[in-house]
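Here is the structure we will look at, set down as structure tokens.
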Amino acid sequence: MRIALLILALIFGSCAGFFGYTTTELGWRIRTPKNLPSRPTPYPHFAPKFAGGVSLRFAMVHDVIHERYPVRGPAYYRERDRIVREKLKSLPPGSQEAFDLTDDLGVGLDKLGRAGEAVQPLRDKLARQLNLGQGGKQLYTSYANLGTFLIHANMKAAMGGDAKARANVKEGLVFIQQSINVNPEAHFGREEWQLHIGEYLLAAIYDPTLLTKFDCVGNSFGRPPGRDEYGELPSAISRSHYLGMGGEKFASQFDDRGELVKEESRELMRRAIRLIGADSGFPSSVLERPVPFDEPTLGIIGMWRQGGGANPYFAVALGEIMLRVGQRYIAWTAYERAHLLADRYGWKPEHAAALREHCRHRQANIEKELKLSAESLINLRQRFKAELAYGQRYQKEYHEYEAKKIAGGADIYDELFYDDFHKGREPIATPLGPAEWFDGTDPDQIPSLRERTARSTAVLWFGIVMFAVVAIGRVFLFLQNRYESNRRLSVTELPPSPSGA
């Protein structure tokens with residue numbers, strides 16, 4: 001009996017030890033950071049998709065919405081067009097310099113609203129490159145620019161029902177895909193999202209309801225995202241992945257500037273980025289599965305700044321993405337900008353009306369969540385208008401400066417060309433603020449806290465084990481006593497032995 005008791009105690013103690021360890025570790029996985037020592041920690045999207053690539057900051061989203069960035073104007077591109085054409089006359093058509101200048105020529109024409117004229121020079125350039133046996137990354141700019149020009153020149157007519165324009169857009173998307181194939185890391189993935197968004201617009205021609213159900217990356221226009229599985233509002237970090245990988249290890253992967261310390265940690269960090277897009281019902285031919293939110297956001301920023309500028313498709317998509325990662329103020333401003341641009345949405349008045357209604361609905365929900373008073377809401381709209389006016393005024397002055405300098409005979413390739421413009425001006429880009437960081441677990445304070453938690457857990461389970469052993473021992477003693485008592489009772493109740501036995 002004692003041996004059986006000892007074996008049971010050992011089994012129970014082993015199980016208790018296992019569950020004690022498990023519960024200790026589980027506690028570190030499910031406890032929220034607000035209950036742990038914390039410090040400002042970079043969001044996981046500080047680790048760019050590719051080594052050496054650009055990583056997203058929320059200030060970048062704010063700046064494109066409000067036009068807070070320098071952009072070259074018509075005078076600059078007309079002057080560059082003149083210079084490029086003169087240089088091309090004296091260059092061998094198959095020289096690398098001629099190829100580079102042809103790209104400049106095409107981009108300039110596109111910026112001047114003459115994308116159709118840019119197509120043929122790029123076709124000729126690509127043909128010469130292929131005849132020379134060039135391939136791979138050497139063809140990247142030809143594929144990317146030719147595809148872009150075909151799309152810009154034909155998308156409006158394609159959405160209006162022009163079959164030839166639609167075929168040209170499809171050809172442009174093929175070239176964009178080829179540019180991705182030869183150089184997937186270029187422009188922080190801009191071409192990938194140019195391809196997806198182009199496919200979305202083509203799909204909307206055949207199914208116009210897409211324009212009223214999803215943005216261009218597949219975020220549903222249905223009910224706004226609610227709290228996550230941990231009961232928290234949406235944020236830029238996937239809490240389940242953050243906790244699953246051990247929150248105390250997270251901050252140690254970045255230095256004080258938010259740069260990734262170890263290259264091998266990149267994939268691990270990016271698994272903790274909030275996923276967006278490709279909601280249920282969105283065509284899988286456009287986007288198959290949800291993606292880390294920073295990827296389409298960077299793509300849209302790149303196309304907005306370096307491509308055709310602001311449009312309602314980009315603006316509403318930024319609103320939906322920012323809403324899903326908890327940046328409600330930026331989301332509100334993105335919806336406001338989309339509302340202003342709504343006349344360019346779709347190809348029928350009802351498409352623009354649907355976008356305006358959606359934007360106002362989303363803004364009303366944000367205002368309710370933020371508990372804005374009527375006065376605060378007025379201030380918010382005035383602030384948005386002032387910010388946008390500031391950015392647009394900066395760009396207008398930038399263009400006027402260029403035109404004046406060029407008229408005075410200045411060389412646009414002079415590295416000091418813009419010095420006088422920037423003299424005495426504050427930087428146009430918004431400085432980084434607290435929105436770029438979150439209160440993450442402080443790894444420097446974790447060991448001692450973990451040790452204290454482990455000790456307290458060990459004491460708890462030791463007490464449980466001792467109580468269980470004593471309780472089991474008492475039960476066994478009780479059963480043994482009962483057995484002995486019954487045995488004695490059964491012996492005394494035996495009939496007496498026959499006499500003489």
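Residue by residue through region 38-54, note down the ones that are touching a strand residue (DSSP E or B) at 6+ places or on another chain (Cβ under 7 Å) and among the β-branched types (Val, Ile, Thr). Walk me through how you get there before you give the answer.
Here is the first cut: in region 38-54, the ones touching a strand residue (DSSP E or B) at 6+ places or on another chain (Cβ under 7 Å) are 38-47.
Thr41, the sole residue that qualifies.
Please verify whether Gly116 is assigned by TED's automatic domain parsing to the domain that holds Leu150 and over 21 Å from Glu171 (Cβ atoms), treating the condition exactly as stated. Walk me through it before giving the result.
Details: assigned by TED's automatic domain parsing to the domain that holds Leu150: yes; over 21 Å from Glu171 (Cβ atoms): no.
It is false that Gly116 is assigned by TED's automatic domain parsing to the domain that holds Leu150 and over 21 Å from Glu171 (Cβ atoms).
Look through Ala389, Ala407, Ala374 and report the one residue that is surrounded by 12 or more Cβ atoms within 10 Å (Cβ to Cβ) and more than 25 Å from the chain's Cα centre (by Cα).
Ala389
Which one is farthest from Phe46 (Cα to Cα), of the residues in region 291-310 that are part of a loop (DSSP other than H, G, I, E, B) and at pLDDT below 95?
Looking only at region 291-310, we keep the residues that are part of a loop (DSSP other than H, G, I, E, B), and these are 293, 307-310.
This time we only want the ones that are at pLDDT below 95, so: 307-309.
Details: Gly307: 24, Gly308: 27, Gly309: 25 Å.
Only one residue fits best here, namely Gly308.
Within region 218-230, identify whether any single residue is surrounded by 20 or more Cβ atoms within 10 Å (Cβ to Cβ) and part of a helix (DSSP H, G or I), and answer yes or no.
Within region 218-230, not a single residue is surrounded by 20 or more Cβ atoms within 10 Å (Cβ to Cβ) and part of a helix (DSSP H, G or I).
Report yes if some residue within region 372-381 is outside any helix (DSSP H, G or I), over 20 Å from Thr430 (Cα atoms) and either of a type outside the set (Val, Ile, Thr) or in contact with a Phe, Trp or Tyr (Cβ under 6 Å, 6 or more places away or on another chain) (or both); otherwise report no. Steps first, please.
Here is the first cut: in region 372-381, the residues outside any helix (DSSP H, G or I) are 372-373.
Of the ones still in play, those that are also over 20 Å from Thr430 (Cα atoms) are 372-373.
Still in the running and either of a type outside the set (Val, Ile, Thr) or in contact with a Phe, Trp or Tyr (Cβ under 6 Å, 6 or more places away or on another chain) (or both): 372-373.
Yes: one or more hits.
Take Thr24 and decide whether it is surrounded by 14 or more Cβ atoms within 10 Å (Cβ to Cβ), among the β-branched types (Val, Ile, Thr), in contact with a Ser or Thr (Cβ under 9 Å, 6 or more places away or on another chain) and at pLDDT below 95.
Details: surrounded by 14 or more Cβ atoms within 10 Å (Cβ to Cβ): yes; among the β-branched types (Val, Ile, Thr): yes; in contact with a Ser or Thr (Cβ under 9 Å, 6 or more places away or on another chain): yes; at pLDDT below 95: yes.
Yes.
Per-residue answers, yes or no, for (1) touching a residue at least 40 places away in the same chain (Cβ under 8 Å); (2) within 24 Å of Lys170 (Cα to Cα):
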{"residue": "Ile301", "(1), (2)": "yes, yes"}
{"residue": "Gly308", "(1), (2)": "yes, yes"}
{"residue": "Val325", "(1), (2)": "yes, no"}
{"residue": "Ile330", "(1), (2)": "yes, no"}
{"residue": "Asp343", "(1), (2)": "no, no"}
{"residue": "Glu369", "(1), (2)": "yes, no"}
{"residue": "Glu375", "(1), (2)": "no, no"}
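Restricting to region 321-356, give me the number of residues that are part of a helix (DSSP H, G or I) and either closer than 26 Å to Gly160 by Cβ or not assigned by TED's automatic domain parsing to the domain that holds Leu388 (or both).
The first filter runs over region 321-356 and keeps only residues part of a helix (DSSP H, G or I), leaving 321-324, 328-340, 342-344, 349-356.
Subset that is either closer than 26 Å to Gly160 by Cβ or not assigned by TED's automatic domain parsing to the domain that holds Leu388 (or both): 337-340, 342-344, 349-356.
Result for region 321-356: 15.
The values are calculated or read from the model by the stated rules, or taken from the named source; none is laboratory data. Owing to the predicted nature of the structure, the values given are computational and were not obtained by experimental measurement. FYI the Cβ positions are ideal-geometry reconstructions off the backbone, even for glycines, and counts take in every protein chain you see.
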